[in-house]
Amino acid sequence: MGYRIELGDIENNLLKIKDVKEAVVISKYKENTNIVKLIKAYVVVDNNINEEYIKEELSKLIPSYMVPKVIEIVDT
């Protein structure tokens, strides 16, 4: 049995975090399956916040299995 993961829910909750201005979440699958291997988020931030801060804040809003393993801060 697996977990239901809504990428839009993760994106919406990322946007609730102070200084996160934009967010896109993608899933990577195990080869030749529909099993999610990795959740990755790309975020645009206003101030000097880091990936660990974002993960900590996000874990207060959503279940731990939905928190992206990789969060990459991008310019645009």
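The values are calculated or read from the model by the stated rules, or taken from the named source; none is laboratory data. Computed from a predicted structure; not experimentally measured. For neighbour counting, all protein chains shown are included, and Cβ atoms are generated from backbone atoms with ideal geometry for every residue, glycine included. The accessibility values were calculated without ligands, DNA or RNA, using every heavy atom of the protein model including side chains. Shrake-Rupley method; radii C 1.70, N 1.55, O 1.52, S 1.80 Å.
Among the residues that make up the stretch 39-46, is at least one of them assigned to a strand (DSSP E or B), closer than 13 Å to Leu7 by Cα and touching a Phe, Trp or Tyr at 6+ places or on another chain (Cβ under 7 Å)?
For the stretch 39-46, residues assigned to a strand (DSSP E or B), closer than 13 Å to Leu7 by Cα and touching a Phe, Trp or Tyr at 6+ places or on another chain (Cβ under 7 Å): absent.
Starting from residues that are in a helix (DSSP H, G or I) and within 14 Å of Ser64 (Cα to Cα), keep the ones in the stretch 8-38 and report whichever is most open to solvent (accessible area, probe 1.4 Å).
Top of the filtered list is Asp9.
Just to be sure I understand, how many residues within the stretch 39-54 are under 11 Å from Ile71 (Cβ atoms) and free of Cβ contacts under 8 Å to residues at least 40 places away in the same chain?
11
With respect to Lys21, determine if the residue is at negative phi, touching a residue at least 24 places away in the same chain (Cβ under 8 Å) and in contact with a strand residue (DSSP E or B) (Cβ under 8 Å, 6 or more places away or on another chain).
Yes; evaluated as a whole, the condition is true for this residue.
Has the stretch 54-66 got at least one residue that is among the small types (Gly, Ala, Ser), surrounded by fewer than 10 Cβ atoms within 10 Å (Cβ to Cβ) and at pLDDT below 95?
Yes: one or more hits.
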